[in-house]
Amino acid sequence: MNEHAYSRSRNVEECVAGLHEALRAHGLTLPSLGVDPVTYAGYRPDPLIALGNCNVDTVRALTAVLRAAAAEGRAEGQAEG
C-alpha cells in the first residue's frame, strides 16, 4: 500500500470510528457501519462509508436524535446566530 493509500485508509477508518462513537453517545448502533470495500479497490477521491442495514427501531431512534438536534439548532450546515 502506498503512502497516499495508507493515509486515506487511516482517515476513513478514523471517520467511521468517530461516527460510531457519536452514535453510541446517543445509544445508537448501526450494525454494519464500516468502510465500503470499494474504497480499498483503487484510487477513490471520495471514500465511501457503508452505513449498513438496521432495524426499524434503530431508524426511529436515529430519526428522533436528528430531529432533536435540528430543533436545537445544532444540525450541521445551519448557521449559528
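The values are calculated or read from the model by the stated rules, or taken from the named source; none is laboratory data. Model, not experiment: these values are computed from the prediction. Ligands, DNA and RNA are excluded from the accessible area calculation, which covers all protein heavy atoms including side chains. Shrake-Rupley method; radii C 1.70, N 1.55, O 1.52, S 1.80 Å.
General remarks:
- In this structure the amide hydrogen of Asp36, modeled in the peptide plane, comes within under 5 Å of the amide hydrogens of Leu48, Ile49, Ala50, none closer than 5 places in sequence on its chain.
- Most to least accessible of Asp46, Asp57, Asp36 (protein chains only, probe 1.4 Å): Asp57, Asp46, Asp36
- Within the accessible surface of region 17-74, defined with a 1.4 Å probe on protein heavy atoms only, the carbon and sulfur portion equals 58 percent.
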